[in-house]
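The values are calculated or read from the model by the stated rules, or taken from the named source; none is laboratory data. The shown structure was predicted, so the numbers you read here are calculated from the model rather than taken from an experiment. We place every Cβ from the backbone using ideal geometry, glycine too, and count neighbours over all the protein chains shown.
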Amino acid sequence: MKVYPFKIPKPLHDSLVYQVDHDIAFYDKLHQHEDIQLSFIVEGEGTLIVGDSINQYKKEDIVVIGSNLPHVFKSNLNYGKKSHMLTLFFAKDSFGNIFFELEELKELTAFFKRAAHGFKVTSSKKALITLFIQLENASKLSRFLILLELLKKASVCNYMSLSSFIYDKKYKEPEGKRMQEVFDYTMTHSNNDISLETISEVANMTKNAFCKYFKKRTNKTYFRFLNELRIEHACKLLIEETEMGIADVAFRSGFKNISNFNRQFKMIKKNKPGNFRKL
């Protein structure tokens with residue numbers, strides 16, 4: 001099976017796939033697939049990169065990943081419990097090219113618009129979770145009906161977009177592998193110094209070529225991406241390590257001086273670290 005792009009394995013006549021992931025970590029390679037992904041995080045936490053944006057995921061999150069939207073779940077291996085996720089995969093044309101264009105299904109239009117950028121559900125989660133839990137013992141027909149109910153609720157709930165930019169081309173296998181290696185290296189070494197020369201070598205490109213390559217595919221510079229990753233880690237520390245000083249949070253997140261940390265934090269989060277901790 002090729003990873004880039006990733007093809008969801010389906011039985012010959014199945015249009016809807018129900019998948020249970022229950023392991024030490026979720027699949028952690030950058031990938032994209034034609035199927036839309038609706039996932040409920042039963043257990044686990046970590047970093048979720050979708051398109052051009054860095055997000056955190058945690059227990060009881062419900063996330064939607066749109067068709068061909070590059071993404072990767074990077075599990076926190078120190079969480080203490082196995083990662084557990086329930087997912088439905090389907091394509092917009094899985095049930096016929098015009099199925100979702102039917103007048104009776106027009107109220108689901110908002111779901112597909114939201115899904116294009118990926119989104120996280122922020123309201124009505126209890127009702128959605130109840131539906132996800134029913135999937136395990138449901139028949140194929142019941143799973144289809146549950147999908148429609150999930151789409152209906154996800155069309156009207158409050159939500160947070162997961163990406164602001166969509167690279168409008170599918171990643172070819174070598175390209176996906178290169179981006180995945182860049183993301184892997186960055187996420188593993190984000191609390192250390194990473195020079196442009198180093199990351200360009202990881203991508204096997206010249207510095208100038210890499211800068212253009214990365215920005216074209218993410219709509220941001222590499223160092224903007226790196227700082228966003230570091231700030232997300234800092235946010236996690238601010239919330240979980242309440243006794244840790246701001247300077248220690250900055251250092252453990254990869255920043256070498258507090259003034260730069262404060263400047264980057266305010267630019268990315270529109271808030272000061274101390275105020276963020278009080279929220």
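Is segment 225-246 home to any residue that is touching a helix residue (DSSP H, G or I) at 6+ places or on another chain (Cβ under 7 Å), buried (at least 20 other Cβ atoms within 10 Å of the Cβ) and on the phi > 0 side of the Ramachandran plot?
Among the residues of segment 225-246, not one is touching a helix residue (DSSP H, G or I) at 6+ places or on another chain (Cβ under 7 Å), buried (at least 20 other Cβ atoms within 10 Å of the Cβ) and on the phi > 0 side of the Ramachandran plot, which makes the answer no.
Determine, yes or no, whether K106 is loosely packed, with under 13 Cβ neighbours inside 10 Å, more than 30 Å from H22 (Cβ to Cβ) and within 19 Å of the chain's Cα centre (by Cα).
no
Can you name the residue in segment 3-23 that is in contact with a Ser or Thr (Cβ under 7 Å, 6 or more places away or on another chain) and in a loop (DSSP other than H, G, I, E, B) and, of all such residues, is modelled with the lowest pLDDT?
That would be S15.
What's the number of the only condition in (1) crowded, with 20+ Cβ neighbours inside 10 Å; (2) under 25 Å from T130 (Cβ atoms); (3) among the polar types (S, T, N, Q) that Q19 fails to meet?
Result: Q19 passes all but (1).
Out of (1) farther than 26 Å from K59 by Cβ; (2) of a type in the set (S, T, N, Q); (3) surrounded by fewer than 17 Cβ atoms within 10 Å (Cβ to Cβ); (4) in contact (Cβ under 8 Å) with a residue 12 or more places away in the chain, the odd one out for S94 is which?
(3)
Given the conditions (1) part of a helix (DSSP H, G or I); (2) aliphatic (A, V, I, L, M); (3) more than 25 Å from the chain's Cα centre (by Cα), which single one is not true for V249?
Every condition holds for V249 apart from (3).
Taking segment 137-162, which residues are surrounded by 17 or more Cβ atoms within 10 Å (Cβ to Cβ), touching a helix residue (DSSP H, G or I) at 6+ places or on another chain (Cβ under 9 Å) and not in a helix (DSSP H, G or I)?
Once the filter is applied, which keeps residues that are surrounded by 17 or more Cβ atoms within 10 Å (Cβ to Cβ), touching a helix residue (DSSP H, G or I) at 6+ places or on another chain (Cβ under 9 Å) and not in a helix (DSSP H, G or I), segment 137-162 yields C157, Y159.
Answer with yes or no whether L196 is over 26 Å from Q32 (Cα atoms), in contact (Cβ under 8 Å) with a residue 24 or more places away in the chain, among the aliphatic types (A, V, I, L, M) and surrounded by fewer than 16 Cβ atoms within 10 Å (Cβ to Cβ).
Yes.
Tell me which residues, restricted to segment 70-84, are within 17 Å of the chain's Cα centre (by Cα) and polar (S, T, N, Q).
S75, N76, S83, listed by residue number.
F112 is checked against (1) among the hydrophobic types (A, V, I, L, M, F, W, C); (2) crowded, with 18+ Cβ neighbours inside 10 Å; (3) within 28 Å of E232 (Cβ to Cβ) and fails just one. What number does that condition carry?
(2)
Return the residue satisfying two criteria in turn: it lies in segment 48-62 and is touching a Gly at 6+ places or on another chain (Cβ under 7 Å) and closer than 24 Å to S124 by Cα, and of such residues it is surrounded by the fewest Cβ atoms within 10 Å (Cβ to Cβ).
In this case the residue turns out to be K59.
Mind listing whichever residues of segment 115-149 are in contact with a Ser or Thr (Cβ under 9 Å, 6 or more places away or on another chain), farther than 18 Å from Q19 by Cβ and at pLDDT 95 or above?
Selection gives F119, K120.
Under 7 Å by Cβ, and 6 or more places apart or on different chains, what pairs join a residue from segment 220-245 that is in the same structural domain as K270 (by TED's automatic domain parsing) with one that is surrounded by 13 or more Cβ atoms within 10 Å (Cβ to Cβ) and of a type in the set (F, W, Y)?
Close Cβ pairs (under 7 Å, with a partner that is surrounded by 13 or more Cβ atoms within 10 Å (Cβ to Cβ) and of a type in the set (F, W, Y)) amount to Y222/F214; R230/F255; I231/F265; A234/F265; C235/F276; L238/F276.
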